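Asker: Submitted below is the structure of interest, expressed as structure tokens.
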Amino acid sequence: MSFWKKETQLDRIINKLVQAMRTDMDFLVFGASSHKYRVNKKLTAKELAEWQARNQVTLPEPYTQFLMNVGNGGAGPYYGIYSIGEATSHTDRLGLATKCVLYPGMTKEEWNHLAAPLIHDEDISDLEYDAARDRVMGGMLCIGTQGCEYDMYLVLEGKHRGKIVYTSAFYPDHPFFFVYEDNFLDWYERWLDEIILEYDIGWFGSKMPGDENALIQVYQNGSNEETRLKALDGMFKFKKISQPTIDFLKNVAERRQSDRTTAIQLICKTSFDAGRVYLLELLHSDQNEDFLQALMTLNWYGKSYDLEEFIQVILQSLDRVHDLETLRRVGYVLECSDAITLQNFKAFLCHTDTNIQKAAIYATRSCDNKSESWEIIEQMLLGGDKEVMKSSILYWGLVPHEKLFPYYKAAWPEYKSNNNFRETFIEYLNALNLPEDYFDRE
């Protein structure tokens, strides 16, 4: 990268910071309320030289250009960019000058072997754990956080010097993610571009970059399924898409079975009415996975639309719901339309699987006049499962019907020492004009 090109990109970044702040004046972009699109005072060449000498590290040039010409941290993806001092405090200094052993496309097997002591060895000593962690995290500088256990690192040494890595806790089958850009400035400028274009960037950097046409080209020229899927996944950052892109996605949904579900989700996210016919097809499919995918898509993207035609199909298909995940999704969709009753959820409330029962109790928590369905509730409670009783009290309270009274009286000793549950029982007795010590009487 030439000096002139770097200066031009730095000028663009400085200008785009102003544009981004004007676009997101209410700081709705994740993390923006923390940094408010402001950068810190620039790092001087002397300060940079002293830091590099002290740590025996030469930082990648695009990153140092940012520190010296834009700001020493501040505004940036997620909660912003650390100052060089903050970055140092969040990084093990002994590992700064080592080679980075991570790389893009690391397989799950390679990751599991590398991180095995951190994932599986419960008896590892502190010294052994630190050594294993330094090996995985070596050669990288922590430049910011995404919150919780997620951080952003800059590779300092090795073949992938200058790239950004998103890290998390150490989990099997979850290698750390390398962003698509080759250097800090390209990654940073993309962040600004996507704010200015008003993309959905809750997980900025994790999706393939490019506008609609660029991603369509990648998909059409993709030599393998993984590349094509990443191109489609990159489109989820768009809040709206053009009609030609909708037509392209319809073609994918109709012609490529492996990408059908993703294409339908994209259509529904960006133009829900255009995806209605596909969702109905999925709901009517004899494949349980299609049914589940339709429920998930309705839950994600359909809440602000008229779902009556889908609700009727789902209600007619409740007898095909046999697993916990599908039941949960059914509950999420139906509760938005007030279509759940204890009657139509009877099979789940009285199921032999406690987890199914608990999910059904949660789904029916907003149902009115539960006492009218006391027979279903009694059948549910007959098994005497303590977890079922606990869930029903937690999400329903105590249902006022004389036939259910003995079940609550039998449960009282289990809950009278818990203040939160005790209050629920007392309120129930008060509503029935019974003394608060009634359940303690013989």
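Computed from the coordinates by the stated procedures, all read-outs in this text should not be read as laboratory data. Quick caveat, the model's predicted, so the values are computed rather than measured. Neighbour counts run over all protein chains shown; Cβ positions are idealised from the backbone, glycine included.
Asker: By a straight-distance test (C-alpha under 20 Å), which lysines pair with Lys16 as possible cross-link partners, with residues fewer than eight away in the same chain excluded?
Answerer: Excluding near neighbours in sequence, the set is Lys5, Lys6, Lys36, Lys41, Lys42, Lys237.
Asker: From the residues Leu94, Tyr78, Leu141, which one has its Cα farthest along the dipole of the range 1-141 in the positive direction, the dipole being from +1 and -1 charges on Cβ of Lys/Arg and Asp/Glu about the Cα centre?
Answerer: Tyr78
Asker: Would you kindly derive the ³J(HN,Hα) couplings of the range 191-199 from the backbone phi angles with the Karplus curve 6.51 cos²θ - 1.76 cosθ + 1.60 (θ = phi - 60°), listing them in order in whole Hz, with x for Gly and Pro?
Answerer: Each residue of the range 191-199 in turn: 4, 5, 4, 6, 5, 5, 7, 6, 7 Hz.
Asker: If you don't mind, there's one more thing I want to ask. Near the amide H of Met140, under 5 Å away, which other amide H atoms are found, from residues 5 or more places off or on another chain, if H is placed in the peptide plane?
Answerer: The list, which skips near neighbours in sequence, is Leu156.
Asker: Under 5 Å between amide hydrogens, which residues at least 5 positions from Phe177 or on another chain qualify, with H placed 1.01 Å from N in the peptide plane?
Answerer: Amide H neighbours of Phe177, under 5 Å, 5+ apart: Tyr166.
Asker: Charges only on Cβ, +1 for Lys and Arg, -1 for Asp and Glu: so what's the dipole of the range 225-274 about the Cα centre, in debye to the nearest 20?
Answerer: Using only the charged Cβ atoms, the result is roughly 140 debye.
Asker: Dipole size in debye (nearest 20) for the range 3-193 around its Cα centre, Lys and Arg Cβ +1, Asp and Glu Cβ -1?
Answerer: Dipole size: approximately 1060 debye.
Asker: Also, I was wondering about something else. Place a +1 charge on the Cβ of each Lys and Arg in the range 310-442 and a -1 charge on the Cβ of each Asp and Glu, then give the dipole magnitude about the Cα centre in debye, rounded to the nearest 20.
Answerer: It works out to roughly 240 debye.
Asker: While we're looking at this one, here's another question. Straight distance only, please: which lysines reach the Cα of Lys358 with their own Cα at less than 26 Å, same-chain residues fewer than 8 apart left out?
Answerer: Leaving aside lysines fewer than 8 places away in the same chain, those within reach of Lys358 are Lys303, Lys346, Lys370, Lys386, Lys390, Lys403, Lys409, Lys416.
Asker: Excluding residues fewer than 8 places away in the same chain, name every one of the lysines whose C-alpha is closer than 23 Å to that of Lys230.
Answerer: Filter leaves Lys108, Lys163, Lys207, Lys239, Lys240, Lys250, Lys269.
Asker: Right, another one. Applying the Karplus parametrisation 6.51 cos²θ - 1.76 cosθ + 1.60 with θ = phi - 60° to the phi angles of the range 40-46, what ³J(HN,Hα) value in whole Hz is obtained for each residue in order, glycine and proline being reported as x?
Answerer: Result, rounded to whole Hz: 7, 4, 5, 7, 7, 4, 5.
Asker: For Leu318 and Val277, calculate 0.36 nm times their separation in residues minus their Cα-Cα distance, and state this gained length in nm to one decimal.
Answerer: Between Leu318 and Val277, full extension yields an extra 12.7 nm.
Asker: Tell me, what HN-Hα J-couplings in whole Hz come from the Karplus equation 6.51 cos²θ - 1.76 cosθ + 1.60 at θ = phi - 60° for each residue of the range 91-107, using x for Gly and Pro?
Answerer: Coupling constants for the range 91-107: 10, 6, 5, 5, x, 4, 8, 7, 7, 6, 8, 7, 7, x, x, 4, 6 Hz.
Asker: Would you work out which of Tyr301, Leu318, Gly331 lies farthest towards the positive end of the dipole of the range 276-339? Charges go on Cβ: Lys and Arg +1, Asp and Glu -1.
Answerer: The one lying farthest along the dipole's positive direction is Tyr301.
Asker: Modelled label-to-label distance, Asp247 and Glu402, 7 Å Cα→beta-carbon offset: nm?
Answerer: For Asp247 paired with Glu402, the spin-label model returns 7.1 nm.
Asker: To continue, here is another question. What residues of the range 253-268 lie in the reach of a label at Glu289, counting those whose backbone N is under 16 Å from a point 7 Å from the Cα along Cα→Cβ?
Answerer: 256-265
Asker: Take the Cβ-Cβ distance between Ser371 and Ser33 as r, set R0 to 60 Å, and report the resulting FRET efficiency rounded to the nearest 0.05.
Answerer: 0.85
Asker: List the trypsin sites (Lys or Arg not before Pro) in the range 127-235 that DSSP assigns to loop (not H, G, I, E or B) and whose Cβ has at most 14 other Cβ atoms within 10 Å. Which are they?
Answerer: Here the sparse-neighbourhood loop sites are Lys159.
Asker: Would you mind checking which residues have amide H under 5 Å from Gln146's amide H? H placed 1.01 Å from N; only 5 or more apart, or other chain.
Answerer: Here the answer is Asp151, Met152, since their amide H atoms fall under 5 Å of that of Gln146.
Asker: Still on this structure: Sort the following peptides by mean Cβ neighbour count (other Cβ atoms within 10 Å, averaged over residues), highest first: 117-123, 61-67.
Answerer: Going from most to least packed, we get 61-67, 117-123.
Asker: Can you give the extra length, in nm with one decimal, that the chain gains between Glu414 and Asn69 once fully stretched, where that is 0.36 nm per residue apart less the Cα-Cα distance?
Answerer: Extra length from Glu414 to Asn69 when fully extended: 117.7 nm.
Asker: Still on this structure, please answer the following. Quick one: if the Förster radius is 30 Å, what FRET efficiency do Asp182 and Asp211 give, using the C-beta to C-beta distance and rounding to 0.05?
Answerer: 0.95
Asker: Kindly rank 264-272, 354-362, 281-289 from highest to lowest mean number of other beta carbons found within 10 Å of each residue.
Answerer: 264-272, 354-362, 281-289
Asker: Of Ala231, Val388, Leu154, whose Cα points farthest to the positive end of the dipole of the chain (charges on the beta-carbon: +1 Lys, Arg; -1 Asp, Glu; origin at the Cα centre)?
Answerer: Ranked along the dipole, the leading option is Leu154.
Asker: For Cα extents along the principal axes in Å, the choices are [x] 117, 50, 38; [y] 74, 49, 43; [z] 84, 55, 45; which was calculated from the structure?
Answerer: Correct label is [z].
Asker: Okay, moving on. Averaging the inverse of every distinct alpha carbon separation and then flipping it gives the Kirkwood radius. What is it for the range 3-193, in angstrom units?
Answerer: For the range 3-193, the Kirkwood estimate is 17.4 Å.
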